[in-house]
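Contents: one structure, followed by commentary.
The values are calculated or read from the model by the stated rules, or taken from the named source; none is laboratory data. Note that the structure is predicted; figures quoted are calculated from it, not measured. Note that each Cβ is placed from the backbone with ideal geometry, even for glycine, and that neighbours are counted across all protein chains shown. Accessible surface is based on the protein model in full, side chains and every heavy atom, while ligands, DNA and RNA are left aside. Shrake-Rupley method; radii C 1.70, N 1.55, O 1.52, S 1.80 Å.
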Amino acid sequence: MMTAEVPYAADAEVSLTFDELQVLRTQYEKELAQSHVTTQTKFNYAWGLVKSPIRDHQLEGVHLLADIYRSEPKRRRECLYYLALGHYKMGNYEQAKGFNSQLLEREPTNLQAQSLGNLIDTAVKREGYIGMAIAGGAAAVGTLLLAGLIRRATRK
């Protein structure tokens, strides 16, 4: 059962099956071969790629979404969420936060963006704790090395 705290950010954890993504890829490649990819086909394929657990897919999806964002002003709102999601999934939390903030500026009551914002904030905190633990470990190792050097120097 999903918690009420994060009701709408299921996209962050749910991927398409290989076959589902293949359907989107086939349509995209077919239109690409015909030298005319519709915005909807490009968006659908980018959406599927961003949802993938594979980083290269996520990166390609983010690039396609960024292209749509730049070239199709009417599609910017829906691109913002998936750009934020893609960057979140790749661990680019500052970029994710930026895109999500833009969406929340336009739609402050968007529950999907609010819950993604919570996921981003949690990941940033977790990354900060890991960084502090690594720094603490490095300081401890440095202290031990320094103590060893001092002990050696005093024996001579």
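Straight-distance candidates among the lysines for linking to Lys125, with alpha-carbon spacing under 20 Å and chain neighbours fewer than 8 residues away dropped: Lys89, Lys97. Dividing the mean sequence gap of close Cα pairs (under 8 Å, 6+ apart) by how many residues segment 4-111 holds gives a relative contact order of 20 percent. Do any GluC sites (Glu not before Pro) in segment 13-67 lie in a loop, going by DSSP, with at most 12 other beta-carbon atoms within 10 Å of their beta carbon, and if so which? Qualifying residues, ordered by number: Glu13. Once both labels are positioned 7 Å from their Cα atoms along Cα-to-Cβ, the gap between Glu94 and Phe18 label points is 3.8 nm. With all protein chains in place and ligands, DNA and RNA left out, the 1.4 Å accessible area ranks Val23, Val14, Val37 as Val23, Val14, Val37, largest first.
With the whole protein complex present, Ser35 retains an accessible surface near 110 Å², based on a 1.4 Å probe.
Here Lys30 is the anchor, and the lysines within straight C-alpha reach of less than 26 Å, apart from those fewer than 8 places off in the same chain, are Lys42, Lys51, Lys74. The Kirkwood hydrodynamic radius of segment 4-131, based on inverse pair distances between different Cα atoms, is 15.0 Å.
Within 10 Å of each candidate Cβ there may be at most 10 other Cβ atoms; applying that plus a DSSP loop requirement, which trypsin sites (Lys or Arg not before Pro) in segment 28-106 survive? The qualifying sites: there are none. Expressed in nm², what is the orientationally averaged projection area of the convex hull enclosing the Cα positions of segment 27-67? Seen from a random direction, the Cα hull of segment 27-67 projects 2.6 nm² on average.
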